Each structure stands twice: as C-alpha cells, then as structure tokens.
Amino acid sequence: MTSTKQQEVKRDEKGRFTEQGHPGFPKGKSPNPGGRPQSRIITNALMKELSREVDGKTQAEHVALALVRKARQGDVAAIKEVMDRAEGKLTHKVEADVTTTHRQEDAFSDWLRDHPELTEPIVDTYSGNGGSR
C-alpha cells in the first residue's frame, strides 16, 4: 500500500526499524486489535452437509452411527473418539512442589562441577547454528 505522504524510514545497522523511523503504528497500538478474522468456509460447508437428510436421517446421524459401529467392532481409535465426544477428554491434574533448599542447590552445583560437559553450549551440527534456534 503506497501513501501520498512518504515518511522517512530509519533503520539500524541490522536493517531493523528504529522506534522513531518505524512507518507503522505507534508503539503499544495494534493495527488490528480484533486479530485476524477467522475464516469458517470449511466449517460452514461441513455443517451444511451434516444437516442434510439422507434416508430419513441427517448426515451427522449417519456419521455418529458409523463411528459407534466401528467402536462396537473393537476399533480402539473409534472407541477413544466416542469416549472423548461423550465423556469429554480426560485431563490429568498434576501437582508439584518445586521448593528447593540450599542443600539441594549445593548438591546440584556439586553435580554440575563433576560433569563439566553438561555446561558446554550445545552446537546444532545440522544447521550450523551454535545452539540458537
């Protein structure tokens, strides 16, 4: 998008916009506060197709019956899907006490001192980046 009023764009030595030279919006102001609009094209098409009646039942009912049939035949993936849809997905509550004592921290420091290879930076030999991703 071009503007009739050209702003002078200021960049730093790495080519990034400087705060004063940024041609966009002021700091702290979002150009799109509502976020990217969600496209529901496929969802809308599926809902339309699932609500269509075939042989006295909706497509959604046919799909549900097919899923239940597969589950009754012992298909584990179908059983899991039926359970997740009917009962809700299982959640695991995890509680942890992460309080450490100075004694634990000292023991960890001693252990690291005994294993200096673990304090070396990791070198990513695949991309050639020294540990940065």
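Where a number appears in this text, it was derived from the coordinates with a stated rule and is not lab data. The structure displayed is predicted, hence computed values, not measured ones. When we count neighbours, we look across all protein chains shown, and the Cβ atoms used for this are built from the backbone with ideal geometry, even at glycine.
For residue 112 and residue 73, the FRET efficiency from 1/(1 + (r/R0)^6), where r spans their Cβ atoms and R0 equals 35 Å, is about 0.05.
Using r as the Cβ-Cβ distance of residue 63 and residue 93, and R0 as 30 Å, what FRET efficiency do you calculate, to the nearest 0.05? The formula returns an efficiency of 0.40 here.
Can you flag which of 48/89; 48/70; 29/89 are past 29 Å Cα-Cα? Checking Cα-Cα distances, 29/89 exceed 29 Å.
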